[in-house]
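Data block below; observations after.
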Amino acid sequence: MAHVKVNIGGTYITVSQPVQYRFADAARGEIRREINVVPRVGVNLEPDLLIVPTSDKPQVRLVTLTITNNASGPAAGVASLNLGGGLRSSPASASFSLKTKGDKISIPFDVTIPGGTRADEYLIQGRAAVVGSVSQQTQFGMTLNTVAYPHIQTHRYYTPADAHVRVLDLKTVPVNVGYIMGSGDDVPEAIRQMGMNVTMLGEKDLASGDLSKFDTIVVGVRAFETRPDFVGNNARLLDYVKNGGNVIVQYQRGNWTGIAPFPVNTQDRQGTTAGSINRVVDENAKVTILDPADPAFNFPNKITDADFAGWVQERNAYNLVTFDPQYKPLLESHDAGEQENKGGLVVAKVGKGTWMYCSYSFFRQLPAGVPGAYRLFDNLLSLPKAK
């Protein structure tokens with residue numbers, strides 16, 4: 001940004017104007033873009049969230065530090081992690097050398113969480129110490145993010161190259177999970193972070209694959225709209241449940257009721273989808289556990305009111321309006337001034353297995369690292385192992 005002081009009749013006025021450069025594009029003609037001064041290197045650390053159950057034994061998680069050269073010349077230095085809470089990394093540091101602008105290198109680090117680490121949040125900071133022209137080192141630890149579209153100015157912003165390690169009071173059992181992705185969510189990665197095996201199920205898997213090898217199959221949000229293969233092979237899923245499987249259907253939109261094993265109603269009195277109104281938008285709204293003795297609240301984690309603290313954005317969306325008596329409601333929650341709402345988590349016994357509809361927003365809570373959401377979702381996944 002250039003600043004110019006202008007004297008008009010003895011009064012000084014400061015005029016500010018972005019500094020721009022111009023270049024020609026064969027198709028679009030002259031283009032003007034603002035000049036930005038950026039760090040010599042950009043640093044990015046992934047993943048930005050690690051979920052680690054408490055344990056008496058050391059646990060290892062992999063993170064990757066990526067360094068990008070933003071300078072017109074070479075950049076060399078040492079990459080490392082700043083660790084707290086007794087965490088340590090292998091290697092402790094690693095040298096890098098980038099020859100030209102745009103070059104990047106990704107360096108893996110194994111982070112060890114010592115046995116006995118208490119449940120809490122710990123910070124990992126990615127760092128790159130770059131050697132300057134006079135042999136002085138400058139540390140960099142920010143990710144350069146670029147927003148660029150033809151119709152607007154290019155904008156750049158910075159975020160810390162940090163990862164958050166959340167050590168949770170989370171008991172897990174071995175569960176083999178199949179996942180039917182819908183419109184897109186990060187739930188499969190959250191399940192993996194709990195230490196469970198996850199297999200993404202495609203059209204061939206649903207049509208002819210062996211579903212019996214999965215303890216639980218999870219249906220992603222809005223799969224009814226985006227996965228016709230899921231709808232077309234729903235009868236196989238119901239057979240899987242009858243033979244002892246566990247299906248968890250996350251929130252769906254539209255009149256999807258035909259995929260449920262027993263009648264449900266997702267529409268309001270006017271016949272329109274009620275999800276936009278039959279939801280709980282207050283993330284702090286009270287949640288009542290309707291049957292504290294149910295296995296969903298006891299294995300492998302004991303679920304209490306405390307597990308509904310710290311949720312983000314909302315409780316649930318697209319709840320059932322009414323449902324057949326063969327469904328058992330597990331939770332009740334509603335916004336202030338609204339009617340009782342038990343359609344957010346219901347479960348039905350179907351043959352030897354269980355089928356549940358869950359509109360509680362785990363697809364938001366799990367990527368945000370909400371401890372209670374992990375504990376409850378862990379229980380729902382582990383339901384076939386409950387005794």
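When you look at G178, is it part of a strand (DSSP E or B), closer than 30 Å to I217 by Cα and not assigned by TED's automatic domain parsing to the domain that holds N70, yes or no? For G178, the condition - part of a strand (DSSP E or B), closer than 30 Å to I217 by Cα and not assigned by TED's automatic domain parsing to the domain that holds N70 - is met. Would you confirm, using the coordinates I've provided, whether G132 is surrounded by fewer than 14 Cβ atoms within 10 Å (Cβ to Cβ) and in contact with a Pro (Cβ under 7 Å, 6 or more places away or on another chain)? It is false that G132 is surrounded by fewer than 14 Cβ atoms within 10 Å (Cβ to Cβ) and in contact with a Pro (Cβ under 7 Å, 6 or more places away or on another chain). For the range 71-80, state whether one or more residues are part of a strand (DSSP E or B), more than 29 Å from the chain's Cα centre (by Cα) and not aliphatic (A, V, I, L, M). Taking every residue of the range 71-80 in turn, at least one turns out to be part of a strand (DSSP E or B), more than 29 Å from the chain's Cα centre (by Cα) and not aliphatic (A, V, I, L, M). The set of residues from the range 331-353 being under 23 Å from G244 (Cβ atoms) and out of contact with any helix residue (DSSP H, G or I) (no Cβ under 6 Å at 6 or more places or on another chain) comprises L345, V346, V347, A348, K349, K352. For the range 90-107, which residues satisfy the criterion of being crowded, with 19+ Cβ neighbours inside 10 Å and either over 13 Å from R40 (Cβ atoms) or without any contact (Cβ under 8 Å) to a residue 12 or more places away in the chain (or both)? Of everything in the range 90-107, just one residue is crowded, with 19+ Cβ neighbours inside 10 Å and either over 13 Å from R40 (Cβ atoms) or without any contact (Cβ under 8 Å) to a residue 12 or more places away in the chain (or both), namely I107. Hey, can you tell me all the residues within the range 361-372 that are within 19 Å of G343 (Cα to Cα) and either surrounded by fewer than 23 Cβ atoms within 10 Å (Cβ to Cβ) or not assigned by TED's automatic domain parsing to the domain that holds D305 (or both)? Once the filter is applied, which keeps residues that are within 19 Å of G343 (Cα to Cα) and either surrounded by fewer than 23 Cβ atoms within 10 Å (Cβ to Cβ) or not assigned by TED's automatic domain parsing to the domain that holds D305 (or both), the range 361-372 yields F363, R364.
Within the range 128-145, residues that are in a loop (DSSP other than H, G, I, E, B) reach partners that are among the β-branched types (V, I, T) and modelled with pLDDT of 95 or more with beta carbons closer than 6 Å, at six or more positions or on different chains, in the pairs G141/V43. Take the conditions under 25 Å from the mean Cα position of the chain (by Cα) and either of a type in the set (G, A, S) or assigned by TED's automatic domain parsing to the domain that holds K213 (or both) and apply them to Y240. Does it pass? It is false that Y240 is under 25 Å from the mean Cα position of the chain (by Cα) and either of a type in the set (G, A, S) or assigned by TED's automatic domain parsing to the domain that holds K213 (or both). Looking only at residues in the range 191-225 that are acidic (D, E) and outside any helix (DSSP H, G or I), the one that is farthest from Q252 (Cα to Cα) is D210. Quick check on the range 89-97. Is at least one of its residues within 18 Å of A129 (Cα to Cα), in a loop (DSSP other than H, G, I, E, B), at pLDDT 95 or above and in the same structural domain as D110 (by TED's automatic domain parsing)? Yes. Note on the range 148-170: residues that are of a type in the set (S, T, N, Q), touching a Lys or Arg at 6+ places or on another chain (Cβ under 9 Å) and under 28 Å from R61 (Cα atoms) amount to 0. Return yes when A190 is closer than 24 Å to G85 by Cα and surrounded by 21 or more Cβ atoms within 10 Å (Cβ to Cβ) and no when it is not. Considered against the rule, which asks whether it is closer than 24 Å to G85 by Cα and surrounded by 21 or more Cβ atoms within 10 Å (Cβ to Cβ), A190 comes out as yes.
Kindly indicate whether any position in the range 43-52 is without any contact (Cβ under 8 Å) to a residue 12 or more places away in the chain, farther than 25 Å from L98 by Cβ and in a strand (DSSP E or B). Among the residues of the range 43-52, not one is without any contact (Cβ under 8 Å) to a residue 12 or more places away in the chain, farther than 25 Å from L98 by Cβ and in a strand (DSSP E or B), which makes the answer no. Taking the conditions (1) at pLDDT 95 or above; (2) surrounded by fewer than 14 Cβ atoms within 10 Å (Cβ to Cβ); (3) not polar (S, T, N, Q) in turn, F262 satisfies each one other than (2).
Looking at I303, I289, just one residue is within 15 Å of P371 (Cα to Cα), aliphatic (A, V, I, L, M) and surrounded by 14 or more Cβ atoms within 10 Å (Cβ to Cβ), and that residue is I303. Among all residues of the range 151-165, there is at least one that is crowded, with 16+ Cβ neighbours inside 10 Å and assigned to a loop (DSSP other than H, G, I, E, B). In summary, strands (runs of 3 or more DSSP E) completely within the range 243-346 and bearing 2 or more residues that are β-branched (V, I, T) and in contact with a Leu (Cβ under 8 Å, 6 or more places away or on another chain) occur at 246-250, 287-289.
The values are calculated or read from the model by the stated rules, or taken from the named source; none is laboratory data. Please read all numbers here as calculations on a predicted model, not as lab measurements. Using ideal geometry, Cβ is built from the backbone for each residue, glycine included, and neighbour counts are taken over all protein chains shown.
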